[in-house]
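To start, the structure under review is shown below, and the notes come after it.
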Amino acid sequence: MCNDYERNVTWAQYRAAMRAAGISMDERQSELDLPQAADVRIGDMAPIARQSGELVELAPMRFGMPPTNPRGGPVFNFRSEGRHFANSGRCLVIASAFYEFKGTSYPKTKYRFALNGVDLMAIAGIWRAGGGNQPDAFAMLTTAPSADVAPIHNRQVAVLLPETWRAWLELSLPEPELLRPLPAGSLSVEVVRRGREGEPLLI
């Protein structure tokens, strides 16, 4: 699943998108709160957008929540189907694209998925407060793959259209209406690295 995403988002792009979505931001923040990154991987610190009172703020968190099983790895993707998130910390994972990988041996072929027609995307996420000296952490929610992702992977992160960002933060719509595959053609896909087994055909 998605263990790597891109955040080449400028402060101006983020600010304009949030305003267009009808979201009141914390105006004390700036581009320093939204550093750009070509790759954000498990264990990295990254800003997520979360509700803080009447405003939405960017908060730095670790990508990957602590495992529920001490022998398990960090929880970076969380299956959304059949679950309710009213009592969860909901957030928007700000990204310009996400990556998926295909192949049976390393290095695998790396695919980049971006949302057509906009400068950035928001992936539905949940976050939990860190315990002890551990930072707060987040995970991305997943859903069934859209027609754009299905040739590459059998799951995908839940990408939210801008008009649903506020609804996810406030949970003003039922989860199934928000956390679902996007229509075919919503995502563009390109190969950014050819794997050991060659470049699979894009369907």
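The values are calculated or read from the model by the stated rules, or taken from the named source; none is laboratory data. Worth saying up front: this structure is predicted, and the values here are computed from it rather than measured. Virtual Cβ from ideal backbone geometry, glycine too; neighbours counted across all protein chains shown. Accessible surface areas use protein heavy atoms only, side chains included; no ligands, DNA or RNA. Shrake-Rupley method; radii C 1.70, N 1.55, O 1.52, S 1.80 Å.
With a cut-off of 8 Å between alpha carbons and a minimum separation of six or more residues, what is the relative contact order of segment 1-79 in percent?
Numbers: 108 pairs, mean separation 22.7, N = 79.
For segment 1-79, the relative contact order is 29 percent.
Counting only protein chain heavy atoms and rolling a 1.4 Å probe, the accessible areas of Arg196, Arg50, Arg180, Arg7 rank, largest first, as Arg196, Arg180, Arg50, Arg7.
The figure for Arg79 is an accessible area of roughly 130 square angstrom, using a 1.4 Å probe on the protein chains alone.
Taking 7 Å steps out from each Cα toward its Cβ at Asp44 and Ser88 produces label points 2.2 nm apart. One decimal place: the segment Asp33-Glu177 gains 48.8 nm when fully extended, by the rule 0.36 nm per residue minus the C-alpha distance. When you restrict to C-alpha pairs under 8 Å that are six or more residues apart and normalise by the size of the chain, the relative contact order lands at 23 percent. Solvent-accessible surface of the chain, averaged per residue with a 1.4 angstrom probe and all protein chains in place: 49 square angstrom.
What is the percent carbon and sulfur in the accessible area of the chain, measuring with a 1.4 Å probe over the protein chains and ignoring ligands? Present the calculation step by step, with values, prior to reporting the outcome.
On the way: 5000 of 10010 Å².
With neighbouring chains kept in place, the figure for the chain is 50 percent.
Against the main long axis of the alpha-carbon atoms of the chain, helix 11-20 sits at an angle near 70°. For Leu115, the accessible surface of its heavy atoms amounts to roughly 20 Å² (probe 1.4 Å, protein chains only, rounded to the nearest 10).
Can you give me the Cα centroid spacing of segment 82-132 and segment 14-64 in angstrom? Rounded to whole Å, the Cα centres lie 14 Å apart. Every helix of 4 or more DSSP H residues in the chain counts as -39500 (n - 2.57), and over all residues that averages to -2500 deg cm²/dmol at 222 nm.
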